[in-house]
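Participant: The structure follows.
The values are calculated or read from the model by the stated rules, or taken from the named source; none is laboratory data. Just so we're clear, the structure is a prediction, and the values are computed from it rather than from any experiment. Backbone-built Cβ (ideal geometry, glycine too); neighbour counts: all protein chains shown. Only protein heavy atoms, including side chains, enter the accessible area calculation; ligands, DNA and RNA are left aside. Shrake-Rupley method; radii C 1.70, N 1.55, O 1.52, S 1.80 Å.
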Amino acid sequence: MKEKSSFTGQMGFVFAAAGSAVGVGNLWRFPYLAAKDGGGIFLLIYLILVFTVGSVLLTSDLAIGRRTGMSAIHAYETMHKKWKFLGILTFLVPVLIMTYYAVIGGWVLKYILLFLQGDMGQAAQDGCFTSFITDPSSLGYGLVFMGLTAAIVFAGVEKGIEGVSKMVMPILLIMVVGIAIFSLTLTSVAEDGSVRTGMEGLMVYLTPDFTGMTLSRFLQITLDAMSQLFFSLSVSMGIMITYGSYVKPDVDLGKSVSMIESMDTLVALLAGVMIIPAVYVFLGMEGMSAGPGLMFISLPKVFAQMQLAGRLVGLVFFVLTAFAALTSCISVLESIVANATEILHTDRKKTILVLSAIYLVATGVIALGYSKFYVEVPLPNGSTGQLLDIMDYISNSFMMPLIALLSSILIGWVVKPKWILEEMERSGHAYSRKGLYVVMVKYCLPIIMFILFLQSTGLMA
């Protein structure tokens, strides 16, 4: 039997797992949620959740993967034969996410090209983004991004995934810090003659805003922060179970969890420092309400107002975003490949080729969801979605909270927390969060996830 691929050691694993976790969600979703949800209030709640709920979800996924040595479907079946269905649900999340992740990566490639060509004015125009995604030619960018992802996964765990992650993650961190520092030095004179500075924008980001705070609003902010965890830590989608199965027995999983969540959170916080002060300086408080359009609509306007420096900063920013999207896209495809080879007992490279062909087609269909295949479907959470939005809603708003809820019941009440804790200490290293883990997985997590599931599916107004 062929020996299972693995990461070379703890740092290789940490960089690969952090690369999966640090994605577009950190650079795009985190800053706009922070701006929408009262700055410092959102940050405080998010940090508390990361090191409690997030830690439990990440610990569970990695420990399940390493103890079973398998990907999601067989891993849950190994834990308890009657819970194989949970593995199937978990496997379906990356299957759905993969249909659209390369499309978003393609959008980023388009903006890299615009800034390389010096077309900042075009990028900053109100209709630029809409014109691009509604043009059928946009699918070419998504196909290129999907092809690049497939090539890296084809190269294998050590040479492909770990090699790229070890190179990309340090570069990504340096770029994030550099742009964040630059954002704090910015100044602009508003039409009324007042001067706005990057440091003032930083205070907008960090200072809690309790204006109009009600219990309902506090709950919504908490739920926003919780949903961001799924994006940020790549949990409840089988990816970290797959990566855990590649970790050698002597690796300290507890230390790895701390390093991954710290690295991921640092990038998310710095993304806010990168983006929010710059948007505040050039667009004022109105710019803070840009929502999901922050990256592709508001930020190009900010870069355009920086003039010559904006071309370089904008280019660096979108290259950085491409790196983040690529490492996440790699991890999603790898999870699908690992599950497929285990289920079908097929050759890894042949499986990658077949799956890549399937997802090149899927990427094309989703990319054309704003033009040739345009639809408007009302979603249970009150929004209206196109093809990409539908895939995103099913995977992130419906399935991931449900999987986290069921997983906490399985671990907390069926196989019991000891099953996870034994694996956390198998390397001979003590796991310092034992007590927290037991309380969270048995009592807190089921309640939190049940509420989040009701809210995300529109069952709780």
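Participant: State all residues of the stretch 132-141 that are open to solvent by 20 Å² or more (accessible area, probe 1.4 Å) and not aromatic (Phe, Trp, Tyr); if no residue qualifies, say none.
Facilitator: Within the stretch 132-141, Thr134, Asp135, Pro136, Ser137, Leu139, Gly140 meet the criteria.
Participant: Among the residues of the stretch 415-461, which ones are β-branched (Val, Ile, Thr) and either in contact with a Cys (Cβ under 8 Å, 6 or more places away or on another chain) or more than 23 Å from Leu253 (Cα to Cα) (or both)? Before the answer, list the steps.
Facilitator: Initial filter on the stretch 415-461 (β-branched (Val, Ile, Thr)): 415, 420, 438-439, 441, 447-448, 451, 457.
Selection gives Ile447, Ile448, Ile451, Thr457.
Participant: For the list (1) farther than 25 Å from Met295 by Cβ; (2) surrounded by 13 or more Cβ atoms within 10 Å (Cβ to Cβ); (3) hydrophobic (A, V, I, L, M, F, W, C), I need the number of the one condition that Leu172 fails.
Facilitator: (1)
Participant: Could I ask something else about it? Confirm whether Ala278 is more than 19 Å from Met199 (Cβ to Cβ), modelled with pLDDT under 90 and of a type in the set (Gly, Ala, Ser). Spell out the reasoning first.
Facilitator: Details: more than 19 Å from Met199 (Cβ to Cβ): no; modelled with pLDDT under 90: yes; of a type in the set (Gly, Ala, Ser): yes.
Against the criterion (more than 19 Å from Met199 (Cβ to Cβ), modelled with pLDDT under 90 and of a type in the set (Gly, Ala, Ser)), Ala278 does not qualify.
Participant: Condition check: closer than 17 Å to Gly364 by Cβ and touching a residue at least 12 places away in the same chain (Cβ under 8 Å). Does Tyr111 satisfy that? Walk me through it before giving the result.
Facilitator: Values: closer than 17 Å to Gly364 by Cβ: no; touching a residue at least 12 places away in the same chain (Cβ under 8 Å): yes.
No; evaluated as a whole, the condition is false for this residue.
Participant: So, one more: Over 24 Å from Thr52 (Cβ atoms), of a type outside the set (A, V, I, L, M, F, W, C), surrounded by fewer than 17 Cβ atoms within 10 Å (Cβ to Cβ) and over 25 Å from the mean Cα position of the chain (by Cα) - does that describe any residue in the stretch 439-453? First the steps, then the outcome.
Facilitator: Kept after step one, since they are over 24 Å from Thr52 (Cβ atoms), are these residues of the stretch 439-453: none.
The answer is no, given that none of the residues of the stretch 439-453 is over 24 Å from Thr52 (Cβ atoms), of a type outside the set (A, V, I, L, M, F, W, C), surrounded by fewer than 17 Cβ atoms within 10 Å (Cβ to Cβ) and over 25 Å from the mean Cα position of the chain (by Cα).
Participant: Please specify each residue of the stretch 252-276 satisfying the condition of being under 14 Å from Glu423 (Cα atoms) and open to solvent by 10 Å² or more (accessible area, probe 1.4 Å). Talk me through it step by step, then tell me what you get.
Facilitator: Of the stretch 252-276, the ones under 14 Å from Glu423 (Cα atoms) are 252-257.
Across the stretch 252-276, the qualifying residues are Asp252, Gly254, Lys255.
Participant: Residue under question is Ala225, and the condition is that it be among the small types (Gly, Ala, Ser) and crowded, with 21+ Cβ neighbours inside 10 Å; does it hold? Reasoning before the result, please.
Facilitator: Numbers: among the small types (Gly, Ala, Ser): yes; crowded, with 21+ Cβ neighbours inside 10 Å: yes.
Yes, satisfied.
Participant: Here is a follow-up. Identify, from the list Ile411, Ile394, the residue that is in a helix (DSSP H, G or I), modelled with pLDDT of 95 or more and under 28 Å from Leu344 (Cα atoms). Show your work before the answer.
Facilitator: On the way: Ile394 fails: modelled with pLDDT of 95 or more.
Just a single option satisfies the conditions, and that option is Ile411.
Participant: Is one or more of the residues making up the stretch 295-311 open to solvent by less than 10 Å² (accessible area, probe 1.4 Å), at pLDDT 90 or above and in contact with a Pro (Cβ under 9 Å, 6 or more places away or on another chain)?
Facilitator: No, the stretch 295-311 contains no residue that is open to solvent by less than 10 Å² (accessible area, probe 1.4 Å), at pLDDT 90 or above and in contact with a Pro (Cβ under 9 Å, 6 or more places away or on another chain).
Participant: Just to check your reading of the model, which residue among Met203, Met237, Met213 is outside any helix (DSSP H, G or I) and farther than 30 Å from Leu333 by Cα? Please lay out each step first, then the result.
Facilitator: On the way: Met203 fails: outside any helix (DSSP H, G or I); Met237 fails: farther than 30 Å from Leu333 by Cα.
Every option except Met213 fails the conditions.
Participant: State which residue is least open to solvent (accessible area, probe 1.4 Å) when the search covers only the stretch 175-208 and only residues that are under 17 Å from Phe30 (Cα atoms) and touching a strand residue (DSSP E or B) at 6+ places or on another chain (Cβ under 7 Å).
Facilitator: It comes out as Tyr205.
Participant: Can I ask one more? Which count do you get for residues in the stretch 323-345 that are open to solvent by 10 Å² or more (accessible area, probe 1.4 Å) and either farther than 22 Å from Ala75 by Cβ or in contact (Cβ under 8 Å) with a residue 24 or more places away in the chain (or both)?
Facilitator: Step one: of the stretch 323-345, the residues open to solvent by 10 Å² or more (accessible area, probe 1.4 Å) are 323, 326, 340-345.
Now narrow it down to the ones that are either farther than 22 Å from Ala75 by Cβ or in contact (Cβ under 8 Å) with a residue 24 or more places away in the chain (or both): 323, 326, 342-343.
The number of residues fulfilling the criteria is 4.
Participant: Let me ask you something else. Could you name every one of the helices (runs of 4 or more DSSP H) located completely within the stretch 54-169 that has at least 2 residues being over 23 Å from Val337 (Cα atoms)?
Facilitator: 55-68, 84-116, 120-124, 128-133, 139-154
Participant: When you scan the stretch 142-159, how many residues do you find that are without any contact (Cβ under 8 Å) to a residue 60 or more places away in the chain and either within 16 Å of Tyr111 (Cβ to Cβ) or open to solvent by less than 30 Å² (accessible area, probe 1.4 Å) (or both)?
Facilitator: 1
Let's see how each residue does on (1) surrounded by fewer than 21 Cβ atoms within 10 Å (Cβ to Cβ); (2) modelled with pLDDT of 85 or more:
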site: Phe13; (1), (2): no, no
site: Leu44; (1), (2): yes, yes
site: Gly54; (1), (2): no, yes
site: Ser71; (1), (2): no, yes
site: Lys82; (1), (2): yes, yes
site: Phe85; (1), (2): yes, yes
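Participant: In the stretch 414-457, what residues are part of a loop (DSSP other than H, G, I, E, B) and in contact with a His (Cβ under 9 Å, 6 or more places away or on another chain)? Lay out the reasoning, then the answer.
Facilitator: Filtering the stretch 414-457 down to residues part of a loop (DSSP other than H, G, I, E, B) leaves 415-417, 425-433, 457.
Val415, the sole residue that qualifies.
Participant: Looking at this structure, is Val279 in contact (Cβ under 8 Å) with a residue 40 or more places away in the chain, over 24 Å from Phe398 (Cα atoms) and either open to solvent by less than 50 Å² (accessible area, probe 1.4 Å) or under 21 Å from the mean Cα position of the chain (by Cα) (or both)?
Facilitator: Working: in contact (Cβ under 8 Å) with a residue 40 or more places away in the chain: yes; over 24 Å from Phe398 (Cα atoms): yes; either open to solvent by less than 50 Å² (accessible area, probe 1.4 Å) or under 21 Å from the mean Cα position of the chain (by Cα) (or both): yes.
Spelling it out, Val279 is indeed in contact (Cβ under 8 Å) with a residue 40 or more places away in the chain, over 24 Å from Phe398 (Cα atoms) and either open to solvent by less than 50 Å² (accessible area, probe 1.4 Å) or under 21 Å from the mean Cα position of the chain (by Cα) (or both).
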